[in-house]
Amino acid sequence: MMESTWEFKVRFGETDMAGIVYYPNFYQWMDSSTHEMLRQTSYPTTILSSIKKGFPLVEAQCKFYHSLRFDDEVQVISKVKDVKNKVIVIEHRFIKKEDQQVVAEGQETRVWVSFAEGNLKAEAIPEDLRQVFMK
């Protein structure tokens, strides 16, 4: 299945008063990593709005093992776990680059939709995209 890696450095504004990354940021990072993955396909997020298609999130979860702090360098390894007719499941593993420690693991479930007429309508994932996800 398709896999991609996205790297970043924790910014000060992503931490709480104790200097630890505030947990909702992990969900934002999962979303960002998914968009980075889509850049590797013929359906990057930049063109989805013009074709009135998208992959809205329907479920997300994350388990936290260790904390991250300001300026930590992080690697997110995102892997397609499952591809169904209209649904894709992506797993995300957060690794602190300094010591290769897995600090969190999360998962997203997204549905391929059309929003051409203002309403979201689930549709089958295009076959060419499905094939890329399954490589």
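Once the convex hull of all Cα atoms in the range 3-134 is built, its volume per residue stands at 111 Å³.
Placing R0 at 30 angstrom, the Cβ-Cβ distance between K81 and Q28 gives a FRET efficiency of 0.90 after rounding to 0.05. Here the Kirkwood formula puts the hydrodynamic radius of the range 53-113 at 12.6 Å, using every distinct Cα pair. Pairwise inverse Cα distances across the range 79-135, averaged and inverted, put the Kirkwood hydrodynamic radius at 13.2 Å. Going by Cα centres, the range 60-95 and the range 1-48 are how many Å apart? Here the answer is 9 Å between Cα centres. Note on K86: lysines with a C-alpha under 30 Å away, same-chain residues under 8 apart excluded, are K52, K53, K63, K121, K135.
Each of Y22, Y43, Y27 was scored by other Cβ atoms within 10 Å of its Cβ. Arranged with the fewest first, they read Y22, Y27, Y43. The modelled label-to-label distance for the pair A60/K97, using points 7 Å beyond Cα in the direction of Cβ, is 2.3 nm.
A short reminder: the numbers here are calculations on the coordinates, not readings from a lab. None of these values were measured; they are calculated from a predicted model. Neighbour counts are summed over all protein chains in view; Cβ atoms, including those assigned to glycine, are modelled from backbone coordinates with ideal geometry.
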